[in-house]
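*Asks:* I'd like to ask you about the structure that follows.
The values are calculated or read from the model by the stated rules, or taken from the named source; none is laboratory data. Quick caveat, the model's predicted, so the values are computed rather than measured. We place every Cβ from the backbone using ideal geometry, glycine too, and count neighbours over all the protein chains shown. Just so you know, the surface numbers come from the protein's heavy atoms only, side chains and all, with ligands and any DNA or RNA stripped out. Shrake-Rupley method; radii C 1.70, N 1.55, O 1.52, S 1.80 Å.
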Amino acid sequence: MSKVVEYNSIREIAGPLMIVEGVRGIAYGELVNIELSSGEKRTGQVLEAREDLAVVQVFEGTRGMDSKGTRVRFTGETMKLGVSKEMIGRLFNGIGKPIDGKPPIVPDKKIDINGQPINPASREFPEEFIQTGVSAIDMMNTLVRGQKLPIFSEAGLPHNLLAAQIARQAKVRGKGESFAVVFGAMGITFEEAKFFMNDFERTGTIEKMVGFINLADDPAIERIITPRMALSTAEYLAFEHGMHVLVILTDMTNYCEALREISAARNEIPGRRGYPGYMYTDLANLYERAGKIKGKKGSVTQIPILTMPQGDISHPIPDLTGYITEGQIVVSKDLHRNGIYPPIDVLPSLSRLMNEGIGEGKTREDHSGVANQLYSAYAEGRDLRDLVAVVGEEALSDRDKKFLKFADLFEKRFVQQAPDENRDIIEGSFRIGWELLSTLPKNELKKVKQEHIEKYYVKQ
Amino acid sequence: MKKNQKQIVGKIIKIAGPVVQASGMLGVQMYEVVKVGKEGLIGEVIELRKDIATIQVYEETTGIAPGTEVVATGSPLSIELAPGVLGNIYDGIMRPLNIIKEQSGDFIARGIEAPAVDHSKKWEFTPEVKKGDKVTEGQIIGNVQETSIINHKIMIPPGINGEIVEIAGKGTYTVDDVIAKVKTEKGIEEVRMLQKWPVRIPRPMKQKEEPSVPLITGQRILDTFFPVAKGGTAATPGGFGTGKTVTQQSLAKWSDADIIIYIGCGERGNEMTDVLKTFPKLKDPKSGKPMLERTLIIANTSNMPVAAREASVYTGITVAEYFRDQGYAVALMADSTSRWAEAMREISGRLEEMPGEEGYPAYLATRLAQFYERSGRVVTLNNKEGSVTVIGAISPPGGDFSEPVTQNTLRVNKTFWALDKSLASRRHFPAINWLNSYSLYVDSVKEWYLKNASEHWAEYREKAMSLLQKEDELKEIVQLVGPDALPDTERLVLEVTRMLREDFLQQNAYHEVDAFCPLTKQLAMLEIILSFYDRALKAMENGVSVDSIAGMKIKDVIARMKEHPNDTFEKYAKEIKSKMESEFSSLEGSQ
């Protein structure tokens, strides 16, 4: 590493970027300390390194910087975060400085916030069922330890309420293991942040939580760092202290906007809708930091939340996310309007790792069959709703009427639950699921094994 | 290595992500491999301008500064091909991930050098030629039993023709030991078990033949309706959650190829772990041996360096060609080619090239075509028959098939398995849309099917397809006027197509029996459903109502026939048919 030299040869400041010339031996990705004429200190990172100039992105934004009095020091190191177990119960800003009025932590070690890819040969396949107490997730889109399962939402929907409920209720059945929540907020409003904090405080979650909060009025560029801070902390707690860490990242849409801002400032060739062509890789570098490692106790489970612009699931942000994550929980405006909480639309939702986390010894032997049957019966009922809108209910056959009824029951009794209702998978979700399936004739339950029908079908 | 030439050493002048520029590189060739810095990060020259070379680096470049040395290696990106490759998992440039794990722990560090195969391991070699034999390039000179199912054939490397002057006797050798010496016009050439081959150049063969034998996959919708031929190409485009990966994995598990190359290109880490976890447990339906023994996995997950992702498909197809040259039928799954295209786009963007459609480089179509053209059923240099079947998954943004990767792939691809989000969301799996998909191999494999599967194949296929087509038309009418407005014969069509969809097309990749459905069972199942239709038509002529047909008990039996064990299905099919007949007769009798 080169020794630290100070420069004040700033050639250009534009948007979040600053170009420093006359430099020597600056490494790509190096951390930069910046001191403004006013004495204020900021940090940045080298985005492009040439023989005699460096392009630096300034995390706190470039407002108030001038090209004359600003001094720039290249540290020769990449961006690192000092971590320690004492971080649990603490709150930090988007770039890792304490904001809870308590003293800075004494780091146990310093880690590179960009992390390194987990070797696929070292990964352990996630297969431990996490009970969230939410039927639409536990039964239909099961979450497992080490999974990354985002919530796709829209502005105005109760995704925060749902995320807080999951953070509060999530547990592995019948086990008391050390457990932590890492909360990374990017560009959320003060009120949203307040909601989470109040909820975590009220329920005691705060004692096992680490928070990194970048609010809507904090510099946008900081948001590039926030999730990396959160994930580095999570990896540290999981793989060095054997904890099971649930990471909630909200709102990924704001993160992607920040990414676009930097890309535009660098005059890069834009991909779809102005987002940079490398957004897939960039997002993957975050999402792929979930998982389990062979021979290590801990795990990192991610629940990123993103708001789909105009509810459009094919927008680049949800689209690229869906290609990387192991499924998605889709929150729907229609269900919300009908007063259903949580308004999870199970049809476009999916958990890719579900099959490994369910079944005998994990949940119950009939899980896969029941879930598939609930899906297809509900899907059929929903199709019939469209038909009824045209031809009227009278035109339906008796069979079809049953499916139509089933779809209503499914939403009102199975999906619907209170924000503080923690449903047990067996006593709650399975019981209600079979009650609903039993409103259909036995021979329509083609996805369930015969023996399970005999065992669980409820006689009317 | 080019001999008698001074090594070229340059200096880095610019770094931006995975693309770096170095000056003082006069004399390096396009696509030559270079090593960057003390850590020796591997890179490849992708642009030359005077003495400045633009290099894509296969590893993370953070911390590299201008002035760092760049050393040219004199050879293009090449991989090692030798006994020991099967059953392994590699990164995009053929470094074994297990070895990387030993060297750098659970997280992948950079600058690791790891040979593809163990150079110290001794293999039992049995020669097939003797001293004095004339040999030509590609000729097999001996065998190594690499796994219990695969006999790794040792070949004379391309470019060597002459007379054997020395050949190793039966015994154990490492891949570096000289096992033969060949006297050629240019002098004596030493032959080892290890071959090196540059990944971007197709391996030579004698000639291509038209594919005419289907790749049997055990997937009903594929084998019966949209078969791909051995040596052919197929594309599976689909939005996220439509089951691309499950389909690709089912093919890797059950298709009747000899060798499977599975490329996880820019996909999820956990998926690769899944493959690693399940394949050793799965038994090949033919040999009963673990599947992993015929499989090679290339994993360049989405968070691994983007340039190596670009290289990973070439690495995969080179290995595939190498086994093809030994006379094997190889199937290569690339999941997903869109990530490969995006890697090209990313590199191209960093080079500030003029973008084509949607920011992809203008050469996207050419590269895709070149890749798919490396598939084929060929006559090898050794006059054997070998084939490489390429099945590429495509991840179109927003599930929109009009985007450049899908469109350019379709132009060079003969089988199209269209994954459909609306099918997936109602859990109809495999979510392959039967109306939009097609296979242009239907005519070329027809003869094989008629001879080896059933003389009725083409007839059943057409009949079932036309019913499904009819259903689509009827559904539009039902949407407008309701099902009751249809005449009885058309309501029967809807009943039967529901059976076709649910009881035949749907297949559960996780069910112990249903995951793999042999061709004979597929056709027997189809026959049962079609004969149900014919018999029902006849019953209706005899006055039986469509409602009582819809309520028949035999339908429940048919619904579950896919779960019936494969080996006793023939007998079971007869039972179903006789039950069906008696139920129909009793319906008719009660009229």
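*Asks:* Could you list, in sequence order, all residues of the stretch A:86-117 that are part of a strand (DSSP E or B) and aliphatic (A, V, I, L, M)? Show your work before the answer.
*Replies:* Within the stretch A:86-117, the first condition is being part of a strand (DSSP E or B), and the residues that meet it are A:91-93, A:98, A:109-112.
The answer is A:L91, A:I111.
*Asks:* For the stretch A:334-367, name all the residues that are open to solvent by 40 Å² or more (accessible area, probe 1.4 Å) and under 20 Å from the mean Cα position of the chain (by Cα).
*Replies:* Passing the criteria: A:P348, A:R352.
*Asks:* When the stretch A:306-322 is examined, which residues are found to be under 17 Å from the mean Cα position of the chain (by Cα) and at positive phi?
*Replies:* none
*Asks:* Output the residues belonging to the stretch A:273-314 that are within 8 Å of chain B (Cβ to nearest Cβ), part of a loop (DSSP other than H, G, I, E, B) and among the hydroxyl-bearing types (S, T, Y).
*Replies:* Residues satisfying the conditions are A:Y278, A:S314.
*Asks:* For the stretch B:407-424, give me the residue count where each residue is in contact (Cβ under 8 Å) with a residue 60 or more places away in the chain and within 14 Å of chain A (Cβ to nearest Cβ).
*Replies:* Taking the stretch B:407-424 as the starting set, the residues that turn out to be in contact (Cβ under 8 Å) with a residue 60 or more places away in the chain are B:409-410, B:412-421, B:423-424.
Then keep just the ones that are within 14 Å of chain A (Cβ to nearest Cβ); that gives B:419-421, B:423-424.
Residues flagged as in contact (Cβ under 8 Å) with a residue 60 or more places away in the chain and within 14 Å of chain A (Cβ to nearest Cβ) within the stretch B:407-424 amount to 5.
*Asks:* Just checking, how many residues over the stretch A:369-378 are open to solvent by 10 Å² or more (accessible area, probe 1.4 Å) and more than 7 Å from chain B (Cβ to nearest Cβ)?
*Replies:* Within the stretch A:369-378, the first condition is being open to solvent by 10 Å² or more (accessible area, probe 1.4 Å), and the residues that meet it are A:369, A:372, A:376.
If we keep only those that are more than 7 Å from chain B (Cβ to nearest Cβ) too, we end up with A:369.
Within the stretch A:369-378, residues that are open to solvent by 10 Å² or more (accessible area, probe 1.4 Å) and more than 7 Å from chain B (Cβ to nearest Cβ) number 1.
*Asks:* Are there any pairs with C-beta distances below 8 angstrom linking a residue in the stretch B:105-121 that is within 8 Å of chain A (Cβ to nearest Cβ) and in contact (Cβ under 8 Å) with a residue 24 or more places away in the chain to a residue that is of a type outside the set (S, T, Y) and open to solvent by 70 Å² or more (accessible area, probe 1.4 Å), with the two at least 6 apart or on different chains, and if so which?
*Replies:* B:I108/A:Q116
*Asks:* Something else now. Scan the stretch A:334-348 and give yes if some residue there is within 21 Å of A:A136 (Cα to Cα), within 13 Å of another protein chain (Cβ to nearest Cβ) and in contact with a Gly (Cβ under 7 Å, 6 or more places away or on another chain), otherwise no.
*Replies:* Our first condition is that a residue be within 21 Å of A:A136 (Cα to Cα); within the stretch A:334-348, this holds for A:334-348.
Those still in the list that are within 13 Å of another protein chain (Cβ to nearest Cβ) too: A:345-348.
Filter once more, so that each one left must be in contact with a Gly (Cβ under 7 Å, 6 or more places away or on another chain): none.
Looking through the stretch A:334-348, none of the residues is within 21 Å of A:A136 (Cα to Cα), within 13 Å of another protein chain (Cβ to nearest Cβ) and in contact with a Gly (Cβ under 7 Å, 6 or more places away or on another chain).
*Asks:* Name the one entry in B:E69, B:E32 that is open to solvent by 30 Å² or more (accessible area, probe 1.4 Å) and more than 11 Å from every other protein chain (Cβ to nearest Cβ). Spell out how you get there, then give the answer.
*Replies:* On the way: B:E32 fails: open to solvent by 30 Å² or more (accessible area, probe 1.4 Å).
Among B:E69, B:E32, only B:E69 is open to solvent by 30 Å² or more (accessible area, probe 1.4 Å) and more than 11 Å from every other protein chain (Cβ to nearest Cβ).
*Asks:* Does at least one position in the stretch B:264-272 carry a residue that is in contact with a strand residue (DSSP E or B) (Cβ under 8 Å, 6 or more places away or on another chain) and more than 18 Å from A:Y323 (Cβ to Cβ)? Steps first, answer last, please.
*Replies:* To start, the set of residues in the stretch B:264-272 that are in contact with a strand residue (DSSP E or B) (Cβ under 8 Å, 6 or more places away or on another chain) comprises B:264-267, B:269-272.
Filter once more, keeping what is more than 18 Å from A:Y323 (Cβ to Cβ): none.
Within the stretch B:264-272 (the criterion being in contact with a strand residue (DSSP E or B) (Cβ under 8 Å, 6 or more places away or on another chain) and more than 18 Å from A:Y323 (Cβ to Cβ)), the answer is no, since none of the residues qualifies.
*Asks:* In the stretch A:88-118, how many residues are within 14 Å of chain B (Cβ to nearest Cβ), in contact with a Ser or Thr (Cβ under 6 Å, 6 or more places away or on another chain) and farther than 21 Å from A:H244 by Cβ?
*Replies:* Residues flagged as within 14 Å of chain B (Cβ to nearest Cβ), in contact with a Ser or Thr (Cβ under 6 Å, 6 or more places away or on another chain) and farther than 21 Å from A:H244 by Cβ within the stretch A:88-118 amount to 2.
*Asks:* Do we have any residue at all in the stretch A:304-323 that's aromatic (F, W, Y) and farther than 21 Å from A:M229 by Cα?
*Replies:* At the first step, the residues of the stretch A:304-323 found to be aromatic (F, W, Y) are A:323.
Within this subset, residues satisfying the condition of being farther than 21 Å from A:M229 by Cα are A:323.
Yes, the conditions are met somewhere in the stretch A:304-323.
*Asks:* Which numbered condition trips up A:P120, out of (1) part of a strand (DSSP E or B); (2) in contact with a helix residue (DSSP H, G or I) (Cβ under 9 Å, 6 or more places away or on another chain); (3) crowded, with 23+ Cβ neighbours inside 10 Å?
*Replies:* (1)
*Asks:* While we're here: Out of the stretch A:391-406, which residues are facing another protein chain (nearest Cβ under 8 Å) and of a type in the set (A, V, I, L, M)?
*Replies:* Across the stretch A:391-406, the qualifying residues are A:V391, A:A395, A:L396.
*Asks:* If a residue must be open to solvent by less than 20 Å² (accessible area, probe 1.4 Å) and either at pLDDT below 90 or more than 9 Å from every other protein chain (Cβ to nearest Cβ) (or both), how many such residues does the stretch A:379-390 contain?
*Replies:* Summing the residues that are open to solvent by less than 20 Å² (accessible area, probe 1.4 Å) and either at pLDDT below 90 or more than 9 Å from every other protein chain (Cβ to nearest Cβ) (or both) in the stretch A:379-390 gives 3.
*Asks:* Please specify each residue of the stretch A:124-143 satisfying the condition of being surrounded by fewer than 24 Cβ atoms within 10 Å (Cβ to Cβ) and of a type in the set (D, E, K, R).
*Replies:* Hits for the stretch A:124-143 are A:E124, A:E127, A:E128.
One line per residue, one yes/no per condition, for (1) touching a Pro at 6+ places or on another chain (Cβ under 9 Å); (2) more than 14 Å from chain B (Cβ to nearest Cβ); (3) in contact (Cβ under 8 Å) with a residue 40 or more places away in the chain; (4) open to solvent by 20 Å² or more (accessible area, probe 1.4 Å):
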{"site": "A:F414", "(1), (2), (3), (4)": "no, yes, yes, no"}
{"site": "A:D420", "(1), (2), (3), (4)": "no, yes, yes, yes"}
{"site": "A:I432", "(1), (2), (3), (4)": "no, yes, yes, no"}
{"site": "A:K442", "(1), (2), (3), (4)": "no, no, no, yes"}
{"site": "A:Q450", "(1), (2), (3), (4)": "no, no, no, yes"}
{"site": "A:Y456", "(1), (2), (3), (4)": "no, yes, yes, yes"}
{"site": "A:Q460", "(1), (2), (3), (4)": "no, yes, no, yes"}
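*Asks:* Same structure again: Would you tally the residues in the stretch A:184-224 being in a loop (DSSP other than H, G, I, E, B) and either open to solvent by 60 Å² or more (accessible area, probe 1.4 Å) or in contact (Cβ under 8 Å) with a residue 40 or more places away in the chain (or both)? Write out each step before concluding.
*Replies:* Initial filter on the stretch A:184-224 (in a loop (DSSP other than H, G, I, E, B)): A:189, A:204, A:216-221.
Remaining after also requiring either open to solvent by 60 Å² or more (accessible area, probe 1.4 Å) or in contact (Cβ under 8 Å) with a residue 40 or more places away in the chain (or both): A:189, A:217-221.
Within the stretch A:184-224, residues that are in a loop (DSSP other than H, G, I, E, B) and either open to solvent by 60 Å² or more (accessible area, probe 1.4 Å) or in contact (Cβ under 8 Å) with a residue 40 or more places away in the chain (or both) number 6.
*Asks:* Considering only the stretch A:257-272, state which residues are assigned to a loop (DSSP other than H, G, I, E, B) and more than 7 Å from chain B (Cβ to nearest Cβ).
*Replies:* The first filter runs over the stretch A:257-272 and keeps only residues assigned to a loop (DSSP other than H, G, I, E, B), leaving A:266-269, A:271.
Selection gives A:R266, A:N267.
*Asks:* Can you find, within the stretch A:270-305, the residue that is nearest to the chain's Cα centre (by Cα) among those that are surrounded by fewer than 24 Cβ atoms within 10 Å (Cβ to Cβ) and of a type in the set (V, I, T)?
*Replies:* Top of the filtered list is A:I305.
*Asks:* May I ask you to list the residues in the stretch B:282-303 that are of a type in the set (K, R) and more than 14 Å from B:S250 (Cα to Cα)? Before the answer, list the steps.
*Replies:* Within the stretch B:282-303, the subset of a type in the set (K, R) is B:283, B:286, B:289, B:294.
Within the stretch B:282-303, B:K286, B:K289, B:R294 qualify.
*Asks:* Hand me the list of strands (runs of 3 or more DSSP E) wholly inside the stretch B:43-86 holding 1 or more residues that are modelled with pLDDT of 90 or more and in contact with an Asp or Glu (Cβ under 9 Å, 6 or more places away or on another chain). Give the derivation first.
*Replies:* Values: elements: B:52-57, B:69-76, B:78-81.
Strands (runs of 3 or more DSSP E) meeting the threshold: B:52-57, B:69-76.
*Asks:* Restrict the check to the stretch A:353-365 and report whether at least one residue is outside any helix (DSSP H, G or I), of a type outside the set (G, A, S), facing chain B (nearest Cβ under 10 Å) and within 30 Å of B:R268 (Cα to Cα). Spell out the reasoning first.
*Replies:* Restricting attention to the stretch A:353-365, the residues satisfying the condition of being outside any helix (DSSP H, G or I) are A:353, A:358-365.
Narrowing further to those that are of a type outside the set (G, A, S): A:353, A:358, A:360, A:362-365.
After this cut, where a residue has to be facing chain B (nearest Cβ under 10 Å) as well, the list is A:353.
Right, trim to within 30 Å of B:R268 (Cα to Cα) and you get A:353.
Yes - at least one qualifying residue is present in the stretch A:353-365.
*Asks:* For the stretch A:315-352, name all the residues that are in a loop (DSSP other than H, G, I, E, B) and among the hydrophobic types (A, V, I, L, M, F, W, C). Quick ask: steps written out before the conclusion?
*Replies:* Initial filter on the stretch A:315-352 (in a loop (DSSP other than H, G, I, E, B)): A:315, A:325-326, A:332, A:338-343, A:352.
Passing the criteria: only A:I340.
*Asks:* Then there is this: Please specify each residue of the stretch A:225-245 satisfying the condition of being outside any helix (DSSP H, G or I) and either surrounded by 24 or more Cβ atoms within 10 Å (Cβ to Cβ) or of a type in the set (G, A, S) (or both). Spell out the reasoning first.
*Replies:* Of all residues in the stretch A:225-245, those outside any helix (DSSP H, G or I) come to A:242-245.
Residues satisfying the conditions are A:G242, A:H244, A:V245.
*Asks:* Moving on. Within the stretch B:398-432, count every residue that is outside any loop (DSSP other than H, G, I, E, B), of a type outside the set (A, V, I, L, M), out of contact with any Pro (no Cβ under 9 Å at 6 or more places or on another chain) and open to solvent by 10 Å² or more (accessible area, probe 1.4 Å).
*Replies:* 4
*Asks:* A further question follows. Which residue pairs have Cβ atoms under 8 Å apart, sit 6 or more places apart or on different chains, and have a first residue in the stretch B:358-382 that is closer than 19 Å to B:G392 by Cα and a second that is of a type in the set (D, E) and open to solvent by less than 10 Å² (accessible area, probe 1.4 Å)?
*Replies:* Between residues of the stretch B:358-382 that are closer than 19 Å to B:G392 by Cα and residues that are of a type in the set (D, E) and open to solvent by less than 10 Å² (accessible area, probe 1.4 Å), the close pairs are B:R374/B:E321.
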